[in-house]
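Asker: Pasting in a structure now, in structure tokens, and then I'll have a few things to ask.
The values are calculated or read from the model by the stated rules, or taken from the named source; none is laboratory data. Being a predicted model, the structure only gives us computed values, none of them experimental. Here the Cβ positions follow ideal geometry from the backbone for every residue, glycine too, while neighbour counts run over all protein chains shown. The protein model used for the area step is the full one, side chains on, heavy atoms only, and it has no ligands, DNA or RNA in it. Shrake-Rupley method; radii C 1.70, N 1.55, O 1.52, S 1.80 Å.
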Amino acid sequence: MNEMVKILQDMNTADEIFKQLNIAVSMPEIAEIIDSLDENMAKLVLKKFVYARGQ
């Protein structure tokens with residue numbers, strides 16, 4: 001059960017980061033957000049981006 005909670009929390013965090021990236025107005029701001037992510041979170045955000053582009 002704890003694993004499911006962790007996955008859901010990570011997905012919510014990825015959604016928030018995705019929203020931040022969509023409203024970011026400068027490349028340095030985007031770079032700062034991306035540089036702050038660990039590898040797993042970066043993958044989740046990328047998946048969110050790809051999924052959003054496909055809709």
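Asker: Would you check if Leu8 is surrounded by 10 or more Cβ atoms within 10 Å (Cβ to Cβ) and touching a helix residue (DSSP H, G or I) at 6+ places or on another chain (Cβ under 8 Å)?
Answerer: Working: surrounded by 10 or more Cβ atoms within 10 Å (Cβ to Cβ): yes; touching a helix residue (DSSP H, G or I) at 6+ places or on another chain (Cβ under 8 Å): no.
It is false that Leu8 is surrounded by 10 or more Cβ atoms within 10 Å (Cβ to Cβ) and touching a helix residue (DSSP H, G or I) at 6+ places or on another chain (Cβ under 8 Å).
Asker: Quick one: how many residues across segment 17-42 are in a helix (DSSP H, G or I) and open to solvent by 100 Å² or more (accessible area, probe 1.4 Å)?
Answerer: We begin by selecting, within segment 17-42, every residue in a helix (DSSP H, G or I); these are 17-23, 27-35, 39-42.
Cutting the leftovers down to open to solvent by 100 Å² or more (accessible area, probe 1.4 Å) gives us 19, 22-23, 27, 32, 35, 39-40.
The number of residues fulfilling the criteria is 8.
Asker: Would it be correct to say that Val50 is of a type outside the set (Asp, Glu) and either in contact with a Leu (Cβ under 7 Å, 6 or more places away or on another chain) or in a helix (DSSP H, G or I) (or both)? Steps first, answer last, please.
Answerer: Working: of a type outside the set (Asp, Glu): yes; either in contact with a Leu (Cβ under 7 Å, 6 or more places away or on another chain) or in a helix (DSSP H, G or I) (or both): yes.
For Val50, the condition - of a type outside the set (Asp, Glu) and either in contact with a Leu (Cβ under 7 Å, 6 or more places away or on another chain) or in a helix (DSSP H, G or I) (or both) - is met.
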